[in-house]
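The values are calculated or read from the model by the stated rules, or taken from the named source; none is laboratory data. Only a predicted model underlies this, so the values are computations on that prediction, with no experimental measurement involved. When we count neighbours, we look across all protein chains shown, and the Cβ atoms used for this are built from the backbone with ideal geometry, even at glycine. In case anyone asks, the SASA skips ligands and DNA or RNA and just uses the protein heavy atoms, side chains included. Shrake-Rupley method; radii C 1.70, N 1.55, O 1.52, S 1.80 Å.
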Amino acid sequence: MLFLGILLVIVTAVFLFIMFHPVFGKKPSNDDRRTYGPVKHYQKGVFTNQIETVMTTDLRSMLPVLKEFLKGNPNRQPKKAIPINTLDLNENTNEETRVTWFGHSALLIEMDGKRILIDPMFGSAPSPVPWFGNKRYSKKLPFKIEDLPKVDLVVLSHDHYDHLDYGTIKQLKQKVKQFAVPLGVAGHLKRWGIEPELIKECNWWDEIQAAGFSLICTPARHFSGRSLTDRNSTLWSSWVIRGKGDNIYFSGDSGYGPHFKEIGERYGPFDLSLMECGQYHEKWAAIHMMPEETVQAHIDVRGKVMIPIHWGAFTLSLHDWTDPVERAVYAATRSGVTICTPQIGEPVTLGSESLSSSPWWREKRK
């Protein structure tokens, strides 16, 4: 009886935490869901992908993955904190387009004299409870959030914890002039204190003006959700970001699919593609590309230069932590693709003749 009583208390506490803690965000309301009715890829109360996307999660399919996990892989994460480049936030004083990667999918784009943050996950772990989960490889960021100047625009791809972080948004919200998000994600931001008039919510293929840029919310092949009961209740996306002279594509999280070629035909070529490459497995290749597919997706969207992202910060799969970039570099070389591999915090200037290609991750860190 004592054991059952303790178990009941724990279950009740977990239930109340999930129900009421703001970290889980806010599910779309009934009014919101009614507005999604005409959306082609919104069916039976959930968003869907353009093509069939099956995630094999049954016990029989996942048993080999469990065995692989239990076997262990000592190279899933670096033995020591990886090196980072300390970023001077006031260094870029001209109109050049500069992109800085912060690990995983978090990026700063400085373009036309303005600042855009992409999927700014600056927390220590991609988890609703930060003291649980795999910690950031670099241990720290290349800058302090409190030192970050005003941000003209934040662009979000979807609501998973490794892309949309409650603590980060709370720290950033007084600095950000505008947010651009896929359908349904605005509810999370509103619950966290972001004024509704600062949020532009988009469906796939919507073209909007935000902070002086042309933004196009484009498809991705993925899923969404922050708790046990909101799977696919919000939309996921990739984004096209157009400035006065430069055209950038950000893939968000995505399995490989025909949407890349369609985006390339509609909005390419791109001066730069920021392409997902990491946290993959053969069992969930439908929602996370393998590195060779990453390179092909870059070719499909008609990109000139590719920076592989979604790696180098957290362990969310079973592969070696350097496997994504090694395979991407090899595939890019074989395909004649220009690939840029900056260190975390190292600015990349578009159009530069000297793009970073140093294999910094191969440094002996064991």
Next item on the list: Report, by residue number, each residue of the range 94-112 that is in contact with a Gly (Cβ under 9 Å, 6 or more places away or on another chain) and not in a strand (DSSP E or B).
Entry: N94, E95, E96, T97, F102, G103, S105, D112
Item checked: Any hit, the range 223-230, residues being open to solvent by less than 20 Å² (accessible area, probe 1.4 Å), at negative phi and either basic (K, R) or under 15 Å from the mean Cα position of the chain (by Cα) (or both) -> yes
Item checked: Per-region count, the range 113-135, residues surrounded by fewer than 20 Cβ atoms within 10 Å (Cβ to Cβ) and part of a strand (DSSP E or B) -> 1
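How many residues does the range 136-177 contain that are part of a loop (DSSP other than H, G, I, E, B) and touching a residue at least 24 places away in the same chain (Cβ under 8 Å)?
Of the range 136-177, the ones part of a loop (DSSP other than H, G, I, E, B) are 136-144, 148-150, 152, 156-165, 173-175, 177.
From what's left, touching a residue at least 24 places away in the same chain (Cβ under 8 Å): 136-143, 148-150, 152, 156-165, 175, 177.
So the count comes out to 24.
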Notebook entry, point to check: For the range 242-257, does any single residue satisfy the condition of being under 18 Å from T35 (Cβ atoms) and either open to solvent by 30 Å² or more (accessible area, probe 1.4 Å) or of a type outside the set (K, R) (or both)?
Noted result: no
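In this structure, does S138 turn out to be open to solvent by 20 Å² or more (accessible area, probe 1.4 Å), farther than 30 Å from K244 by Cβ, out of contact with any strand residue (DSSP E or B) (no Cβ under 6 Å at 6 or more places or on another chain) and among the hydroxyl-bearing types (S, T, Y)?
no
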Check: Within the range 137-155, is even one residue more than 17 Å from the chain's Cα centre (by Cα) and within 17 Å of G278 (Cβ to Cβ)?
Finding: yes
Check: What is the residue count in the range 178-198 for residues that are at negative phi, surrounded by fewer than 15 Cβ atoms within 10 Å (Cβ to Cβ) and assigned to a loop (DSSP other than H, G, I, E, B)?
Finding: 1
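Look at S157 and say whether it is open to solvent by less than 40 Å² (accessible area, probe 1.4 Å), under 18 Å from F250 (Cβ atoms) and of a type in the set (G, A, S). Write out each step before concluding.
Working: open to solvent by less than 40 Å² (accessible area, probe 1.4 Å): yes; under 18 Å from F250 (Cβ atoms): yes; of a type in the set (G, A, S): yes.
Yes: the conditions hold for S157.
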Note to self: Checking the conditions here, which among T218, T234 is within 22 Å of P38 (Cα to Cα), in contact with a helix residue (DSSP H, G or I) (Cβ under 7 Å, 6 or more places away or on another chain) and buried (at least 24 other Cβ atoms within 10 Å of the Cβ)?
What the structure shows: T218
